[in-house]
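> Supplied in structure tokens, the structure appears directly below.
The values are calculated or read from the model by the stated rules, or taken from the named source; none is laboratory data. Keep in mind that this is a model prediction, so the values were computed, not measured. Here the Cβ is made from the backbone with ideal geometry for all residues, glycine too, and neighbour counts use every protein chain on show.
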Amino acid sequence: MRIDVLSLFPDFIRQCAQVGVVGRAVERGLLTVEPWNPRDFATDNYRRVDDRPFGGGPGMVMLPEPLSACLAAARAASALPARVIYLSPQGKPLTQAKARELAALPRLVMVCGRYEGLDERFIEKEIDEELSIGDYVLSGGELAAAVVIDAVGRLQAGALNDAESAEQDSFEDGLLDCPHYTRSESLGTEGVPAVLLSGDHAKIARWRRQQSLGRTWLRRPDLLEGRVLDKKDAALLAEFQAEWQAQAKKAENP
Ligand SMILES: C[S@@+](CC[C@H](N)C(=O)[O-])C[C@H]1O[C@@H](n2cnc3c(N)ncnc32)[C@H](O)[C@@H]1O
């Protein structure tokens, strides 16, 4: 997969593509991340990429011309068809399902805004989709681009080692992940649920599924709204809820 990023801070984008799982995906040739600086396409002596907004008011707006020229150069750098995304607090929220959808594309071009954002005419003409990483405002799209690069890059086939399989991750099947424990030298097996030490793989799988369901119910009940659980999952969740309620009662009246 190829990801081109239009940003006034190309070094930041370059660095994002060098670390961790994304860095490994790049090294393995599964992912290419290419930054493009709109300032390199500004034509005036000051290399201006922004100007004051029509109608007055605070802040600056990114000029459409350097962005259009930069985008044209980025598009021309590869024959792969590209979906062009503007990272924006006004976009659709990024979810794991959206990350999967984007990860299956051959190419993304992402545009990072700064200041008050991009001239609306550039958005109308060039942008296929606006994407937000949450209901808060960042000072630029670069951190949002880094989030998309990571979420999409780790889903490239071969990017994750087996041990890090993405399938059990939170949101993959609409649930949160179960808790994890490892061989701590100082804590030993203290506090580790006995089932995980039992070696009984069927029981361990059952426990993990129940924890996923229970955690989702406790922490993100919205994920369960409108979802019809099959008989097995419904029974696991009911058992979790009964245990949790019994414990809560005990804590109230010790
Ligand atoms: C200060 S923001 C502009 C906010 C804009 N005036 C608004 O209120 O919709 C500057 C840039 O940061 C990026 N940005 C800010 N918040 C974001 C978010 N939640 N998700 C994705 N990008 C964001 C966008 O690229 C935006 O153009």
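> With respect to Ser68, determine if the residue is touching a helix residue (DSSP H, G or I) at 6+ places or on another chain (Cβ under 8 Å) and more than 8 Å from the ligand (Cβ to nearest atom).
yes
> So Thr216 ticks every box in (1) in contact (Cβ under 8 Å) with a residue 40 or more places away in the chain; (2) in contact with a Lys or Arg (Cβ under 7 Å, 6 or more places away or on another chain); (3) not small (Gly, Ala, Ser) but one. Which box is left unticked?
Here Thr216 meets the rest and fails (2).
> Anything in the range 1-38 that is surrounded by fewer than 16 Cβ atoms within 10 Å (Cβ to Cβ) and in a helix (DSSP H, G or I)? List them, or say none.
Asp11, Arg14, Gln15, Gly20, Glu27
> Separate question: Out of curiosity, is Pro89 more than 30 Å from Gly174 (Cα to Cα) and not polar (S, T, N, Q)? Spell out how you get there, then give the answer.
Details: more than 30 Å from Gly174 (Cα to Cα): no; not polar (S, T, N, Q): yes.
Here the answer is no, as Pro89 does not meet what is asked.
> Now, a different point. Could you say which residue among Gly191, Gly226, Gly214 is loosely packed, with under 14 Cβ neighbours inside 10 Å, in contact with a Phe, Trp or Tyr (Cβ under 9 Å, 6 or more places away or on another chain) and among the small types (Gly, Ala, Ser)? Steps first, answer last, please.
On the way: Gly226 fails: in contact with a Phe, Trp or Tyr (Cβ under 9 Å, 6 or more places away or on another chain); Gly214 fails: loosely packed, with under 14 Cβ neighbours inside 10 Å.
It is Gly191.
> Hey, among Thr182, Thr216, which residue is among the hydroxyl-bearing types (Ser, Thr, Tyr) and assigned to a loop (DSSP other than H, G, I, E, B)?
Thr182
> Moving on to the next point. Between a first residue in the range 171-189 that is free of Cβ contacts under 8 Å to residues at least 40 places away in the same chain and assigned by TED's automatic domain parsing to the domain that holds Glu225 and a second residue that is surrounded by 12 or more Cβ atoms within 10 Å (Cβ to Cβ) and of a type in the set (Val, Ile, Thr), which pairs have beta carbons less than 6 Å apart while being 6 or more apart in sequence or on different chains?
Cβ pairs passing all conditions: Tyr181/Val192.
> Here is a check on your reading of the model: is Asp173 assigned to a loop (DSSP other than H, G, I, E, B) and of a type in the set (D, E, K, R)? Talk me through it step by step, then tell me what you get.
Values: assigned to a loop (DSSP other than H, G, I, E, B): yes; of a type in the set (D, E, K, R): yes.
Yes.
> Residues being surrounded by 15 or more Cβ atoms within 10 Å (Cβ to Cβ), of a type outside the set (Gly, Ala, Ser), without any contact (Cβ under 8 Å) to a residue 60 or more places away in the chain and outside any strand (DSSP E or B): count how many of those fall in the range 76-99.
Of the residues in that region, 2 qualify.
> So which of Glu130, Glu124, Glu120 is assigned by TED's automatic domain parsing to the domain that holds Val26 and touching a strand residue (DSSP E or B) at 6+ places or on another chain (Cβ under 7 Å)?
Numbers: Glu124 fails: touching a strand residue (DSSP E or B) at 6+ places or on another chain (Cβ under 7 Å); Glu120 fails: touching a strand residue (DSSP E or B) at 6+ places or on another chain (Cβ under 7 Å).
From the options Glu130, Glu124, Glu120, the qualifying one is Glu130.
> Touching a Cys at 6+ places or on another chain (Cβ under 9 Å) and hydrophobic (A, V, I, L, M, F, W, C): which single residue out of Ile85, Ile149, Ile127, Ile123 fits that description? Explain how you work it out, then say what you get.
Values: Ile85 fails: touching a Cys at 6+ places or on another chain (Cβ under 9 Å); Ile127 fails: touching a Cys at 6+ places or on another chain (Cβ under 9 Å); Ile123 fails: touching a Cys at 6+ places or on another chain (Cβ under 9 Å).
Of the residues listed, the single one that is touching a Cys at 6+ places or on another chain (Cβ under 9 Å) and hydrophobic (A, V, I, L, M, F, W, C) is Ile149.
> Taking only the range 110-150 into account, find how many residues are within 6 Å of the ligand (Cβ to nearest atom) and part of a loop (DSSP other than H, G, I, E, B).
Counting residues in the range 110-150 that are within 6 Å of the ligand (Cβ to nearest atom) and part of a loop (DSSP other than H, G, I, E, B) gives 10.
> State whether the residues of the range 40-49 include one that is more than 14 Å from the ligand (Cβ to nearest atom), assigned by TED's automatic domain parsing to the domain that holds Ala146, at positive phi and surrounded by fewer than 15 Cβ atoms within 10 Å (Cβ to Cβ). Steps first, please.
Keep residues of the range 40-49 that are more than 14 Å from the ligand (Cβ to nearest atom), which gives 40-48.
If we keep only those that are assigned by TED's automatic domain parsing to the domain that holds Ala146 too, we end up with 40-48.
Of the ones still in play, those that are also at positive phi are 47.
Within this subset, residues satisfying the condition of being surrounded by fewer than 15 Cβ atoms within 10 Å (Cβ to Cβ) are 47.
Within the range 40-49, one or more residues are more than 14 Å from the ligand (Cβ to nearest atom), assigned by TED's automatic domain parsing to the domain that holds Ala146, at positive phi and surrounded by fewer than 15 Cβ atoms within 10 Å (Cβ to Cβ).
> Based on this model, can you work out whether Gly134 counts as loosely packed, with under 14 Cβ neighbours inside 10 Å and over 30 Å from Ala159 (Cβ atoms)? Break it down stepwise before answering.
On the way: loosely packed, with under 14 Cβ neighbours inside 10 Å: yes; over 30 Å from Ala159 (Cβ atoms): no.
Against the criterion (loosely packed, with under 14 Cβ neighbours inside 10 Å and over 30 Å from Ala159 (Cβ atoms)), Gly134 does not qualify.
> Consider Val61 carefully, then state whether it is over 26 Å from Leu105 (Cα atoms) and of a type in the set (Val, Ile, Thr). Walk me through it before giving the result.
Details: over 26 Å from Leu105 (Cα atoms): yes; of a type in the set (Val, Ile, Thr): yes.
Judged against the criteria, Val61 is a match.
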